[in-house]
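Q: One structure follows; several queries about it will come next.
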Amino acid sequence: MKIAITGAGLLTTLGVGACPTFESMLRGHVSAGPDIPDFDPTVFLGDKGIRHFDRTALLLGSAAKLAAQQSGIGEAGYRAEEMGVVVGSTHGSIQAIAEFDQESVREGPNYVNPQDFANTVISQPASRISVIFGATGLNTTIATGAVSALDALAYGLTMLRLGRVKVLLCGSGIGYSPEIERGYAQAGKLIISQNGVGAFAAGRKGPKFGEGAAVFVLEDAEKAIARQATILGCVSGVGSVFQNGASGMVRAVEEALSCADLQSENISCVVSFASGSPQGDLEEGEALHQALPQVPITAPKSQTRDCLEASGAIHMAIALLSIQAGRVTPIPHLIDVDPAFQQLDLVTGQARQLPVEHVLVTARDESGHNAAVIISAPSS
């Protein structure tokens, strides 16, 4: 079964919606802060029933609405039990837990709002989406750290092919949380200072944190064609490997290529997970040099900031947009490239125009979990 993507909703610190975000990236803009500017969830979700949604649920719900609107699934005739939701989330409830605990300490446990407790459960964003769309098919949350979004996609593909559901809302998101930012900064995994350098740069010290979300509508390509839906792209291959170091990423890429029945030379460009992490970028660069030599590489976290588990979903949306536009977003302000990456074909300075047919998206977690997804043009 060929799985088509018929809708994509994207929210980043560079813009609300796929087109505004992508246009900003093509121009080389860089996020000025961790929050999405001018984001108003009532535009997408209305002003009723969302008072107790946390930030992550608001972002995911809004992205899902954008994806559904583009896909036209509301008029497609799918029954409630035929629609499912799969979300990749690992940190989604930390902010809500912190706020709930602070209120219980401040006001006493007898005076906390019980409706806020739902936000402390990691699966609540996925459940909110199901309620918004009245979807009664499967509802699953995948929590595998930084690779959650790509693993959620792989799980969703399996459920579609098994016939558990006929259409799927799949994605990931994370709202800005001072607790997450400070915690990772103290652990040396993020930087808070405005001064820093991006992915693949010499002297990099780590990424900055930012919020964002991306959600996709996935369905059988034949059924999408039958209902005259516009197919944005297809998921050609997925790979997931648990192995530390660059060799783990190499294996994940090879698994995705094998799944897609493609060779490394068929890949048009790579949307890399590199973020400015001293060790993480080193392993990512080594893996890409081994698996995909001479393939153009971009690193969106240099523009959108690091959205943790949501980055994988955001990168898949960027891959789709690159296919449609025939342009690869640049890595802005990358002048002093680390000598370790001199052999990589990094897209620096300006966006690069080229035929984009197959895009490899990578994701990796420090635990040793590596994942790769290949997004292909509808005609491929």
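Q: Scan the range 18-30 and give yes if some residue there is touching a helix residue (DSSP H, G or I) at 6+ places or on another chain (Cβ under 6 Å) and aromatic (Phe, Trp, Tyr), otherwise no.
A: Yes, that holds for at least one residue.
Q: Identify all residues within the range 321-341 that are outside any loop (DSSP other than H, G, I, E, B) and out of contact with any strand residue (DSSP E or B) (no Cβ under 7 Å at 6 or more places or on another chain); write none if there are none.
A: LEU321, GLN324, ALA325, PRO339, ALA340, PHE341
Q: Something else now. Kindly list the number of the only condition in (1) part of a helix (DSSP H, G or I); (2) modelled with pLDDT under 95 that fails for SER148.
A: (2)
Q: How many residues are of a type outside the set (D, E, K, R) and closer than 20 Å to ILE73 by Cβ when one looks only at the range 163-178?
A: 9
Q: Condition first: among the hydrophobic types (A, V, I, L, M, F, W, C) and without any contact (Cβ under 8 Å) to a residue 40 or more places away in the chain. Now tell me which residues in the range 61-97 satisfy that. Quick ask: steps written out before the conclusion?
A: The first filter runs over the range 61-97 and keeps only residues among the hydrophobic types (A, V, I, L, M, F, W, C), leaving 63-64, 66-68, 73, 76, 80, 83, 85-87, 94, 96-97.
Selection gives ILE97 alone.
Q: Any chance the range 40-50 includes a residue that's closer than 17 Å to ILE180 by Cα, of a type outside the set (Gly, Ala, Ser), in a helix (DSSP H, G or I) and assigned by TED's automatic domain parsing to the domain that holds ALA143?
A: no
Condition check ((1) part of a strand (DSSP E or B); (2) crowded, with 19+ Cβ neighbours inside 10 Å; (3) β-branched (Val, Ile, Thr)) across all residues:
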{"site": "SER172", "(1), (2), (3)": "yes, yes, no"}
{"site": "ILE180", "(1), (2), (3)": "no, yes, yes"}
{"site": "ALA185", "(1), (2), (3)": "no, no, no"}
{"site": "GLY203", "(1), (2), (3)": "no, no, no"}
{"site": "GLU219", "(1), (2), (3)": "yes, yes, no"}
{"site": "ILE225", "(1), (2), (3)": "no, no, yes"}
{"site": "SER236", "(1), (2), (3)": "yes, yes, no"}
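Q: A follow-up question, please. All but one of (1) of a type outside the set (Ser, Thr, Tyr); (2) outside any helix (DSSP H, G or I); (3) closer than 19 Å to GLU81 by Cα hold for ILE122; which doesn't?
A: (3)
Q: Which of (1) surrounded by 14 or more Cβ atoms within 10 Å (Cβ to Cβ); (2) more than 24 Å from ASP151 (Cβ to Cβ); (3) modelled with pLDDT of 80 or more does THR90 not meet, given it meets every other one?
A: (2)
Q: Would you check which residues across the range 51-84 are basic (Lys, Arg), farther than 23 Å from GLU99 by Cβ and assigned to a loop (DSSP other than H, G, I, E, B) and list them?
A: ARG79
Q: A further question on this structure: Which of the residues belonging to the range 97-113 are at pLDDT below 80, loosely packed, with under 15 Cβ neighbours inside 10 Å and under 31 Å from the mean Cα position of the chain (by Cα)?
A: ASP101
Q: Take the residues in the range 241-287 that are in contact with a strand residue (DSSP E or B) (Cβ under 6 Å, 6 or more places away or on another chain) and within 14 Å of ASP365 (Cα to Cα), then tell me which one is surrounded by the fewest Cβ atoms within 10 Å (Cβ to Cβ).
A: Across the range 241-287, the extreme among qualifying residues is PHE242.
The values are calculated or read from the model by the stated rules, or taken from the named source; none is laboratory data. All values reported here derive from a predicted model rather than from experimental measurement. FYI the Cβ positions are ideal-geometry reconstructions off the backbone, even for glycines, and counts take in every protein chain you see.
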